[in-house]
Amino acid sequence: MALTKADVIEQLSAALGFNKREAKEVVEMFFEQIRESLERGEQVKLSGFGNFELRDKAERPGRNPKTKEEIPISARRVVTFRPGQKLKEKVDQHAGS
Amino acid sequence: MTKSDLIDAMADKQSLLSYRDVELAVKLILDQMSNSLSTGERIEIRGFGSFTLHHRAPRIGRNPKSGESVSLGEKYVPHFKPGKELRDRVNTAAGN
């Protein structure tokens, strides 16, 4: 089982009394605003949860594992997530279960 | 962008909900995500990405100051894999 957008919307309307349309809009906007910030090249810091950061990777040599053909992996910007202390502690305890 | 910048941006962009409602919603969304991961349940948000747990085997660590060995138990750490839409948008915006 995985937590999906539909589950988040469901729980939001149950907990805060939002109707389905409001809950859906707020959840979609939450993820969209994070995407837009990262698109602008701006990292996102959500205290207690974690930070979404950007890394610029230079071009590097790659290889097609099937054909063994050498093909360069182009330069790219990637998103990385660094979990916050609170989230790390919460998740760590899962090791006991 | 911080959590309060995110709340401001969301409150500005829509008219259905009050600032207070948006604030509560953001806190609740993050709580749900943390709770889900802390029970070992993965998170899958299409177009954004997925969060899973990665296992870390027990190891012998060392106190860098005293040089003393300390045994560290196994643990789980959160891992995020960006979804295709997020990957493509960020990379395209960077001019690659």
Is there any pair linking a residue in segment B:76-96 that is touching a residue at least 24 places away in the same chain (Cβ under 8 Å) to one that is buried (at least 19 other Cβ atoms within 10 Å of the Cβ) and among the charged types (D, E, K, R), with Cβ under 6 Å and at least six apart or on different chains, and which?
B:86/A:35
All-but-one check, residue B:94 against (1) loosely packed, with under 12 Cβ neighbours inside 10 Å; (2) among the hydrophobic types (A, V, I, L, M, F, W, C); (3) within 7 Å of chain A (Cβ to nearest Cβ), failing number (1)
The conditions are (1) more than 9 Å from chain A (Cβ to nearest Cβ); (2) surrounded by fewer than 12 Cβ atoms within 10 Å (Cβ to Cβ); (3) more than 26 Å from residue A:17 (Cα to Cα), and residue B:73 fails exactly one of them. Which is it?
(1)
Among (1) within 17 Å of residue A:44 (Cα to Cα); (2) touching a residue at least 12 places away in the same chain (Cβ under 8 Å), there is one condition residue B:40 misses while meeting the rest; what is its number?
(1)
Looking at residue A:44 and the list (1) surrounded by 15 or more Cβ atoms within 10 Å (Cβ to Cβ); (2) out of contact with any strand residue (DSSP E or B) (no Cβ under 6 Å at 6 or more places or on another chain); (3) at the interface with chain B (Cβ under 7 Å from one of its Cβ atoms), which single condition is not satisfied?
(2)
Residue selected from segment A:61-82 under the condition closer than 22 Å to residue B:80 by Cβ and either in a strand (DSSP E or B) or charged (D, E, K, R) (or both), by the criterion farthest from the other protein chains (Cβ to nearest Cβ)
A:73
Any residue at all in segment B:29-37 that is at the interface with chain A (Cβ under 7 Å from one of its Cβ atoms), assigned to a helix (DSSP H, G or I) and either in contact with a Ser or Thr (Cβ under 9 Å, 6 or more places away or on another chain) or at pLDDT below 95 (or both)?
yes
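Tally up the residues in segment A:55-97 that are acidic (Asp, Glu) and surrounded by 16 or more Cβ atoms within 10 Å (Cβ to Cβ), please.
Within segment A:55-97, residues that are acidic (Asp, Glu) and surrounded by 16 or more Cβ atoms within 10 Å (Cβ to Cβ) number 1.
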Hits in segment B:1-17 - residues which are over 16 Å from residue A:28 (Cβ atoms), in contact with a helix residue (DSSP H, G or I) (Cβ under 8 Å, 6 or more places away or on another chain) and not in a helix (DSSP H, G or I)
B:1
Restricting the search to segment A:1-31, which residues are facing chain B (nearest Cβ under 9 Å), closer than 24 Å to residue B:53 by Cα and of a type outside the set (A, V, I, L, M)?
A:4, A:5, A:7, A:11, A:30, A:31
Out of B:65, B:81, I need the residue that is of a type outside the set (Phe, Trp, Tyr), modelled with pLDDT under 95 and either under 11 Å from the mean Cα position of the chain (by Cα) or exposed (fewer than 14 other Cβ atoms within 10 Å of the Cβ) (or both). Which one?
B:65
On the given criteria, is residue A:52 closer than 30 Å to residue B:12 by Cβ, aromatic (Phe, Trp, Tyr), buried (at least 16 other Cβ atoms within 10 Å of the Cβ) and facing chain B (nearest Cβ under 7 Å)?
no
For segment B:1-18, enumerate the residues that are more than 7 Å from every other protein chain (Cβ to nearest Cβ) and exposed (fewer than 14 other Cβ atoms within 10 Å of the Cβ).
B:4, B:12, B:15, B:18
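The values are calculated or read from the model by the stated rules, or taken from the named source; none is laboratory data. Since the structure is predicted, the reported quantities are computational estimates derived from the model, not experimental observations. Glycine gets a Cβ as well: all are built from the backbone with ideal geometry, and neighbour counts include every protein chain shown.
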